[in-house]
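The values are calculated or read from the model by the stated rules, or taken from the named source; none is laboratory data. Treat the numbers as computed from the prediction; the structure is a model and nothing was measured. Note that each Cβ is placed from the backbone with ideal geometry, even for glycine, and that neighbours are counted across all protein chains shown. Just so you know, the surface numbers come from the protein's heavy atoms only, side chains and all, with ligands and any DNA or RNA stripped out. Shrake-Rupley method; radii C 1.70, N 1.55, O 1.52, S 1.80 Å.
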Amino acid sequence: MSQSNGDLASRPQAPLLVFDIETVPDIELLFDTHEPELDFQVSESDRWKTLRVGEAALRKANQNFPPPMFHVVVSVCAVYVHPETYTIMDGFKRTLALPGSRAEFLAREKTLLQEFWAFAVKHRDFSRTWYDALAADYRMSDFQRRKMKPVPVTFCGYNISGFDLPVLEQRSLRHLLTCPLAEYGRETGYDSYRSRYAVDKTFDLCQYVAGASSFRTGLNVLSRAIGLGGKMEGMDGSKVAQAYYDLHQWDAIEEYCAVDVLITYGVLLAVQKFRGTLPDEIFREAVEHFERFLRQEGRPASYRRLAETSDDFFSTARMFERSASLGAP
């Protein structure tokens, strides 16, 4: 629990769910929607997994990148971050292998989405003790109780408001799923999960860094600028579809997604340091935890490479301990 019954001075924060998804085109849906004329032969049984069909449909629609509904979610990776220590407290990694039929493909996506939403509410009672202690106050109105109710989770990521969450929402609609977060679908306005201004519910780091500017900094550029090693080599978003449909490199896709989550976690630490949310000591301890996490025995080689190429980030964080010991302001 984030606070005891005796410490009720301020509302505690929800755990942050830092996540990323990888998607591939829903080729059959693109074909059915745009009905392109194909200049090559493909059997109906193979059409749903033939990238050239999807590319033809996009050309017919005059699109380079399909809207959210036309993306199948094939990989989701996430870490829960403790809202006080900013250390990693839980994790999630799931990636779909390509099955033999489109029906099974969609069934597996549905299961993946259900597992993600279930993980999103795994720690929803994190602040429940604090809430229950105050809710018993007979002087409070129902309105006050609703406003005081703890936030179940804070979704966090890079451009999640622009891509990841719309895809998760619309593909969940495609499968007629119900979001287990009642607050997510029912609340509207500036205080809802779907509002870019409610950073206690959805904290999009890309939007925060851009601010009022129309210029957006990519995750790879930003992470390298602050001393992190950057994205995993040999894979990027433009290569995922071919890696999935043609090369069957599902493990590589999951590793790429997981590394992106860890880079995003490092960016989150830097952003919260800038905002004043993380005092120097807590920031340093969180960064040390991050480095230990990456270097822990048994981690994938890409985690260790990220640690090895992030020395500028880690060494800068260690300087805060030195400054404090010297009495620097």
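Taking a 32 Å limit on the Cα-Cα distance, which of the listed pairs Lys60/Lys201; Lys110/Lys273; Lys93/Lys201; Lys110/Lys149; Lys93/Lys273; Lys122/Lys231 fall beyond it? Numbers along the way, then the final one.
Details: Lys60/Lys201 38 Å; Lys110/Lys273 37 Å; Lys93/Lys201 22 Å; Lys110/Lys149 30 Å; Lys93/Lys273 27 Å; Lys122/Lys231 28 Å.
Pairs exceeding 32 Å: Lys60/Lys201; Lys110/Lys273.
Please find the FRET efficiency linking Glu84 to Thr33, where r is the Cβ-Cβ separation and R0 is fixed at 30 Å, and quote it to the nearest 0.05. Provide the component values of the computation, followed by the final result.
Numbers: r = 47 Å, r/R0 = 1.57.
The calculated FRET efficiency here is 0.05.
Calculate, in nm to one decimal, what Ser238 and Asn62 gain on full extension: separation in residues at 0.36 nm each, minus their alpha carbon distance. Present the calculation step by step, with values, prior to reporting the outcome.
Working: separation 176, 0.36 × 176 = 63.36 nm, distance 1.78 nm.
Contour length minus Cα-Cα distance gives 61.6 nm.
Could you identify which residue out of Pro36, Pro68, Pro83 has the top mean-square fluctuation in a GNM of the chain using Cα springs shorter than 10 Å?
Per the Cα network of the chain with a 10 Å cutoff, Pro36 tops the list.
Specify which residue in the list Leu268, Pro99, Ile27 is farthest towards the positive end of the charge dipole of the chain, using unit charges on the beta carbon of Lys, Arg (+1) and Asp, Glu (-1), about the Cα centre.
In the chain, that residue is Leu268.
Output ³J(HN,Hα) for the range 44-60: one whole-Hz value per residue in order, computed from phi by the Karplus curve 6.51 cos²θ - 1.76 cosθ + 1.60 with θ = phi - 60°, and x for Gly and Pro.
Going residue by residue, I get 4, 6, 9, 4, 5, 10, 9, 4, 4, 5, x, 5, 5, 5, 5, 5, 4 Hz, with x marking Gly and Pro.
Which FRET efficiency value, to the nearest 0.05, is calculated for Val221 and His289 with the Förster distance at 41 angstrom and r the Cβ-Cβ distance?
On the way: r = 25 Å, r/R0 = 0.61.
With a Förster radius of 41 Å, E is 0.95.
How much accessible area per residue does the range 155-212 have, in Å², with a 1.4 Å probe?
Each residue of the range 155-212 exposes 47 Å² on average to a 1.4 Å probe.
From the phi angles alone, apply the Karplus equation (6.51, -1.76, 1.60; θ = phi - 60°) to the range 94-110 and give each ³J(HN,Hα) in whole Hz, x where the residue is Gly or Pro.
Couplings: 9, 9, 8, 7, 6, x, x, 9, 5, 4, 5, 4, 5, 5, 5, 4, 4 Hz.
First check a/c for the range 1-124, with a ≥ b ≥ c the square roots of the eigenvalues of its C-alpha gyration tensor; if it is under 1.5, answer rounded, and if not, answer prolate when a/b is larger than b/c or oblate otherwise.
Values: a/c = 4.16, a/b = 2.84, b/c = 1.47.
Prolate is the answer for the range 1-124, as a/c is 1.5 or above and a/b outweighs b/c.
Search the structure for amide H atoms under 5 Å from the amide H of Met89, placed 1.01 Å from N in the peptide plane, and list their residues when 5 or more places away or on another chain.
Correct list: Tyr80, Val81, His82.
For the pair Leu98/Ser213, report the inter-label distance in nm, with labels modelled 7 Å from Cα in the Cβ direction.
Going by the 7 Å Cα→Cβ label model, 4.0 nm.
Specify whether the C-alpha gyration tensor of the chain places it in the rounded, prolate or oblate class, a ≥ b ≥ c being the square roots of the eigenvalues: rounded for a/c under 1.5, otherwise prolate if a/b is larger than b/c and oblate if not.
Note, shape of the chain comes out oblate.
What is the magnitude of the charge dipole of the chain about its Cα centre, with +1 placed on the Cβ of each Lys and Arg, -1 on the Cβ of each Asp and Glu, and no other charges, expressed in debye to the nearest 20? Display every interim value, and only then the final one.
Values: 39 positive and 45 negative charges, 146 e Å.
So the magnitude is around 700 debye.
Any idea how far apart Gln144 and Glu297 come out in nm if each label point goes 7 Å out from Cα toward Cβ?
A separation of 5.5 nm, rounded to one decimal place.
Mean residue ellipticity at 222 nm from the helices of the chain, using -39,500 (n - 2.57) per DSSP H segment of n ≥ 4 over the full residue count, to the nearest 500 deg cm²/dmol?
Values: 14 runs with 152 residues, N = 329.
Dividing the helical sum by the residues of the chain leaves -14000 deg cm²/dmol.
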